[in-house]
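Structure record follows, encoded as structure tokens.
Read-outs: derived from the displayed coordinates by stated rules, not from any lab. Because the structure is predicted, anything quoted here is derived from the model rather than measured. We place every Cβ from the backbone using ideal geometry, glycine too, and count neighbours over all the protein chains shown.
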Amino acid sequence: MVTTLVLTRKPDTFFTSPLFQDQQGRWGTLLVLQGSAVTGVSIDEQAGSGTAGIAVPGGVLTITTADGSAVNEINRFATIERWGGYVQLKPQHYKAKVYKQGAYGLRYEPTNSAVAELKVTGGKCFRVLGGITDKEQAILIHEAPHVGYLKGCIGPRNLDDKSLRVSGTAHFAMQYLFGIAPKPSQLFVTDF
């Protein structure tokens, strides 16, 4: 069994932090899937709710696995990412253009020194592996109580937590992800 994360950012929803007017962010959705190794994820932004696949805010996901079996969605989170000149992970493919072949790998890091500077995190994170550029190779998934904690990284929180101030659920979302067995090992991104 493999645990796969899927990040979708549609529909585009941007915000300015009320804590720091010079910090912008964007919302997304992070799905947690378990089952066979996922080999491909695509999003149909035109599909309706009755279409086969996994419905997400921006359309419907079609998931392809190594052995053709289904995967189960075990949880879903809202995400924040920093916006306005910060690096963002490219999708594997989008609108007929291929940016990356295959999944991004994920590695659990229990004591990342950069994340440890954000005292609430204890230094725990997932490093995204296989980024195309040097900046993409520095992207992490970690606890982010507000968008100021991010500089290109991804911060999950409970699905209904769209707080622009300080999230009370960011810590619990990451603790959930750290506690999954097996730990998440691959990431697909569906869009920009």
Segment Glu109-Lys10, length gained on full extension (0.36 nm per residue, minus Cα span) = 32.8 nm
If you keep only loop residues by DSSP, which chymotrypsin sites (Phe, Trp or Tyr not before Pro) in the range 42-105 have at most 13 other Cβ atoms within 10 Å of their Cβ?
-> Tyr99
Excluding same-chain residues fewer than 8 positions from Lys97, which aspartates and glutamates have a Cα within less than 19 Å of its Cα?
-> Asp44, Glu45, Glu136, Asp191
Loop only per DSSP, at most 11 neighbouring Cβ atoms within 10 Å: give me the GluC sites (Glu not before Pro) in the range 96-192, ordered by residue number.
-> Glu117
Counting each DSSP H run of 4 or more residues in the chain as -39500 (n - 2.57), what helix-only mean residue ellipticity at 222 nm follows after dividing by all residues, to the nearest 500 deg cm²/dmol?
-> -2000 deg cm²/dmol
Among Ile74, Ile154, Ile139, determine the one that fluctuates most according to a GNM of the chain built with springs between C-alpha atoms less than 10 Å apart.
-> Ile74
Dipole of the chain, positive direction: furthest Cα of Ala66, Ser42, Phe126, with charges on the beta-carbon | Phe126
Please identify the trypsin sites (Lys or Arg not before Pro) of the range 95-192 that satisfy two criteria: DSSP loop assignment and at most 16 other Cβ atoms within 10 Å. Which are they?
-> Lys95, Lys135, Lys151, Lys162, Arg165
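In debye, nearest 20, what is the charge dipole magnitude of the chain about its Cα centre with +1 on Lys and Arg Cβ and -1 on Asp and Glu Cβ, if you could check? Provide the component values of the computation, followed by the final result.
Numbers: 19 positive and 15 negative charges, 55 e Å.
So the dipole magnitude of the chain works out to roughly 260 debye.
Quote the charge dipole size of the range 1-107 about the Cα centre in Debye, to the nearest 20; the model charges only the Cβ of Lys and Arg (+1) and of Asp and Glu (-1).
So the magnitude is around 280 debye.
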Any idea what the relative contact order of the range 2-189 is, in percent, if you count C-alpha pairs under 8 Å spaced at least 6 apart?
-> 24
Partners for Lys100 among lysines (Cα-Cα distance below 29 Å; same-chain residues under 8 apart left out) | Lys10, Lys90, Lys124, Lys135, Lys151, Lys183
Only one of the values [x] 1.01; [y] 1.19; [z] 0.94 was calculated from this structure for Rg/Rh (Cα atoms, Kirkwood Rh); name its label.
-> [z]
Tell me, how many Å apart are the Cα centres for the range 89-136 and for the range 160-181?
-> 17
